[in-house]
């Protein structure tokens with residue numbers, strides 16, 4: 001069974017631009033969540049979607065948004081990029097609540 | 001902010017030795033998961049232990065959980081050079097929600 005797939009793996013954007021990252025969960029998984037990893041702040045939860053509804057949200061500004069489609073695939077968007085948004089963005093999926101959460105390889109975003 | 005702290009921050013051992021990493025967290029949990037991360041890569045799930053479990057094994061891995069002390073430990077026996085990675089604990093809150101709170105990680109180096 002394929003794992004969590006994230007695209008693109010690497011990207012470089014300019015300050016002020018926006019970016020969209022994509023995630024395909026493990027087949028059958030309906031929960032998709034997103035995390036940001038930086039050297040300074042470590043791994044931080046962004047938001048979780050389940051059946052196309054945002055179920056939980058972390059403490060990030062409104063520039064960070066996401067959505068989930070009917071096939072459970074998810075996208076996250078960051079608008080008006082800042083240098084501090086440079087990070088590894090990780091997508092994770094799970095079947096339901098309270099179970100094993102599997103992560104993808106991540107998308108490396110560099111903002112210049 | 002991150003919920004957990006891991007100790008030590010870095011650990012260097014010889015191949016064949018055992019490695020023990022500790023994780024402390026702050027609030028009541030539903031479960032605790034351990035992950036491995038190779039440099040620049042995604043998170044690989046190692047083991048999940050539920051709040052009503054005290055010990056769990058998987059191959060060369062042994063995880064303990066002490067909810068009264070809000071702490072967990074990961075033991076890797078007979079370490080190999082391929083175990084070189086960062087190890088993170090992550091907790092899910094009592095509601096069972098899928099937003100994980102990560103520790104700061106332990107950087108393990110296994111010297112051949």
Looking across segment B:100-112 at residues that are farther than 30 Å from residue A:48 by Cα and surrounded by fewer than 18 Cβ atoms within 10 Å (Cβ to Cβ), the single one that is nearest to the other protein chains (Cβ to nearest Cβ) is B:109
Review point. Is it the case that residue A:100 is exposed (fewer than 15 other Cβ atoms within 10 Å of the Cβ) and at pLDDT 95 or above?
Key: no
Those residues of segment B:72-92 that are part of a strand (DSSP E or B) and more than 27 Å from residue A:88 (Cα to Cα) come to a total of 1
*asked:* Taking the conditions exactly as written (out of contact with any helix residue (DSSP H, G or I) (no Cβ under 8 Å at 6 or more places or on another chain), crowded, with 16+ Cβ neighbours inside 10 Å and assigned to a loop (DSSP other than H, G, I, E, B)), does residue B:97 satisfy them or not?
replied: yes
Among residues of segment A:81-112 being free of Cβ contacts under 8 Å to residues at least 12 places away in the same chain and within 19 Å of residue A:2 (Cα to Cα), the residue farthest from the other protein chains (Cβ to nearest Cβ) is A:99
If we take segment B:1-71, then strands (runs of 3 or more DSSP E) inside it with 3 or more residues that are modelled with pLDDT under 95, surrounded by 18 or more Cβ atoms within 10 Å (Cβ to Cβ) and out of contact with any helix residue (DSSP H, G or I) (no Cβ under 6 Å at 6 or more places or on another chain) are B:29-37
Turns out the strands (runs of 3 or more DSSP E) fully within segment A:18-80 with at least 2 residues that are under 28 Å from residue B:107 (Cβ atoms) and either within 11 Å of chain B (Cβ to nearest Cβ) or at pLDDT below 95 (or both) are A:31-38, A:42-50
Checking A:69, A:47, A:64 in turn, the sole residue that is free of Cβ contacts under 8 Å to residues at least 60 places away in the same chain, under 16 Å from residue A:21 (Cα atoms) and surrounded by fewer than 15 Cβ atoms within 10 Å (Cβ to Cβ) turns out to be A:69
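The values are calculated or read from the model by the stated rules, or taken from the named source; none is laboratory data. Since the model is a prediction, treat every value here as computed from it, not as a measurement. Please note: Cβ atoms are built from the backbone with ideal geometry, for glycine as well, and neighbour counts cover all protein chains shown.
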